[in-house]
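Down below is the structure, laid out as structure tokens.
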Amino acid sequence: MGRNPAIAIDGPAGAGKSTLAKLLAERLGFVYVNTGAMYRAVALLWKETGEEPEKIARHLDFEMRGDRVFVGGRDVTDLLYTPEISDLSSKVSTIPGVRRALVALQRAQREKYPVVMEGRDIGTVVFTDAEVKFYITASSRERARRRKLQFNDPRPLKVIEEEIRKRDERDSTREDSPLRRAPDAILIDTTNLRVEEVLRLMEKFVREKLKNIID
Ligand code: DC
């Protein structure tokens, strides 16, 4: 057996990556890996324990079961998607030692399964040899609108949009593995597209590329 195929999905916050990656993985029968949840888990444990983020990342016992995220066997899903953890996760993700540890965990997943992996650096760092790479984006206003709906966020749209912009700015300008489009990534702007339309497009690209591997 050769190495398992990997589909890389990158892009800024709120572009629709998670929804698309999850559905695409289901359709292909691949394992879905949400790397943002790993950075969020490190941020949560950092907030709870005050330990060094590098140390937390090196010992992270992370598992996803369906939609739920478990850390050390504890279901932490509902604690990960708050404005505070969004901000802290973006901060811990600038630390090279944290990235090294989490990238190793991410690569280990592909040793076991074919993966659809989403994040910020999957096509540029984690799997530069991914079979297919996507870069998913949308206008910042639209991304703010989606976040507001997804998390039932009561704050004004303008405030959420500003927060998203700040996080994108930090994620794109950090020194280690900044968010950027890999030259060979397929760019999809989802601002005016429906999930089903984008998904169909993505699936077509993947099936064409992997036609000898999947049915
Ligand atoms: O995808 P998300 O919004 O759940 O990710 C949370 C933060 O984690 C994001 O602001 C940047 C960081 N992140 C990263 O640096 N690299 C990844 N592969 C995934 C997420």
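Of all the residues in the range 107-154, those that are part of a loop (DSSP other than H, G, I, E, B) and closer than 27 Å to Lys204 by Cβ number 11. Among the residues making up the range 27-68, a single one is more than 14 Å from the ligand (Cβ to nearest atom) and aromatic (Phe, Trp, Tyr): Phe30. Please verify whether Arg181 is assigned to a loop (DSSP other than H, G, I, E, B) and under 25 Å from Thr94 (Cα atoms), treating the condition exactly as stated. When the stated conditions are applied, Arg181 passes them. Considering only residues in the range 1-43 that are within 29 Å of His59 (Cβ to Cβ), part of a loop (DSSP other than H, G, I, E, B) and hydrophobic (A, V, I, L, M, F, W, C), the one that is modelled with the highest pLDDT turns out to be Phe30. I need the full set of residues from the range 118-176 which are among the hydrophobic types (A, V, I, L, M, F, W, C), within 19 Å of Lys22 (Cβ to Cβ) and in contact (Cβ under 8 Å) with a residue 24 or more places away in the chain, in order please. Answer for the range 118-176, where residues must be among the hydrophobic types (A, V, I, L, M, F, W, C), within 19 Å of Lys22 (Cβ to Cβ) and in contact (Cβ under 8 Å) with a residue 24 or more places away in the chain: Ile122, Val126, Phe127, Ala130, Val132, Phe134, Ile136, Ala138, Phe151.
In the set (1) under 16 Å from the mean Cα position of the chain (by Cα); (2) surrounded by 16 or more Cβ atoms within 10 Å (Cβ to Cβ); (3) closer than 23 Å to Pro83 by Cα, Val125 fails one condition alone, (3).
With surrounded by 13 or more Cβ atoms within 10 Å (Cβ to Cβ) and within 17 Å of Arg120 (Cα to Cα) as the only criterion, which of Leu157, Leu179 stands out?
Leu179
When we screen Val71, Val33, Val92, Val42 for residues that are more than 18 Å from Phe127 (Cα to Cα), in contact (Cβ under 8 Å) with a residue 60 or more places away in the chain and buried (at least 19 other Cβ atoms within 10 Å of the Cβ), the only hit is Val42.
Considering the range 103-120, the residues that are near the ligand (Cβ under 10 Å from one of its atoms) and buried (at least 24 other Cβ atoms within 10 Å of the Cβ) include one that is farthest from Val31 (Cα to Cα), namely Arg120. Counting only residues that are surrounded by fewer than 19 Cβ atoms within 10 Å (Cβ to Cβ) and over 21 Å from Thr191 (Cβ atoms), which one in the range 128-154 is modelled with the lowest pLDDT? Here the answer is Asn152.
The values are calculated or read from the model by the stated rules, or taken from the named source; none is laboratory data. Quick caveat, the model's predicted, so the values are computed rather than measured. Neighbour counts are summed over all protein chains in view; Cβ atoms, including those assigned to glycine, are modelled from backbone coordinates with ideal geometry.
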